[in-house]
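Have a look at the structure below, then the notes.
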Amino acid sequence: TDSPLRYRLAVCSRCLAGIGGGFVLAQLSGVVLAFSLTGSGEEVMDAAALVGIPVFIVSLLWVFSCGNAWRAWAGIGVPLLVLGGLVWNFLGGEKNGFSAKAFGEAGGTSVANETNLPTFDALAPHL
């Protein structure tokens, strides 16, 4: 049987996966939906914000229904990689100069202006 310390570390790992990973997963799913939808900025932002709530809840349910912590992390990590790749694709990836180095040198500005994507300043009033 597992020792009490090992059991507590497994529960802590699942909490981190569910809360931290689930939050990032919910936010990325909202970003992907915002880039995918057409319509007014308010409607898109509302839909993107609302989709994150069930994604977060399902991710919490997922991590605690898995048989072990490795499976829980895989269930959160694989969708994170997929959604992260989609966001990278929407932002143009390396071809638009979107890299960690270029992002830091630009002072945190986005390449959205060059690709007709909504900027944070345009979306901030709707958050």
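The values are calculated or read from the model by the stated rules, or taken from the named source; none is laboratory data. A quick note: this is a predicted structure, and the numbers were derived from the prediction, not measured. Ideal geometry is used to build each Cβ from the backbone, glycine not excepted, and the neighbour counts take in all protein chains shown. When the accessible area is computed, the model is the full protein with side chains, heavy atoms only, and any ligands, DNA or RNA have been set aside. Shrake-Rupley method; radii C 1.70, N 1.55, O 1.52, S 1.80 Å.
Of note:
- Approximate spin-label separation Trp70-Glu43, in nm, with each point projected 7 Å along Cα-to-Cβ: 4.7
- With the simple model of a label 7 Å out from the Cα in the direction of the Cβ, Trp88 to Leu50 spans 3.2 nm.
- Probe 1.4 Å, protein heavy atoms only - accessible area per residue of the range 1-55 in square angstrom: 63
- A simple rule links phi to the HN-Hα coupling: the Karplus curve 6.51 cos²θ - 1.76 cosθ + 1.60 with θ = phi - 60°, which for the range 10-19 gives 5, 5, 4, 5, 5, 4, 5, 5, x, 7 Hz, with x for Gly and Pro.
- Rounded, prolate or oblate (a/c below 1.5 giving rounded, otherwise prolate when a/b exceeds b/c) for the range 18-95 by Cα gyration tensor: oblate
- Converting phi to 3J(HN,Hα) with the Karplus coefficients 6.51, -1.76 and 1.60 and the offset θ = phi - 60°, the range 70-83 yields 4, 5, 5, 5, 5, x, 8, x, 5, x, 4, 5, 5, 5 Hz in sequence order, with x at every glycine or proline.
- Area accessible to solvent at Ser3, 1.4 Å probe radius, in Å²: 60
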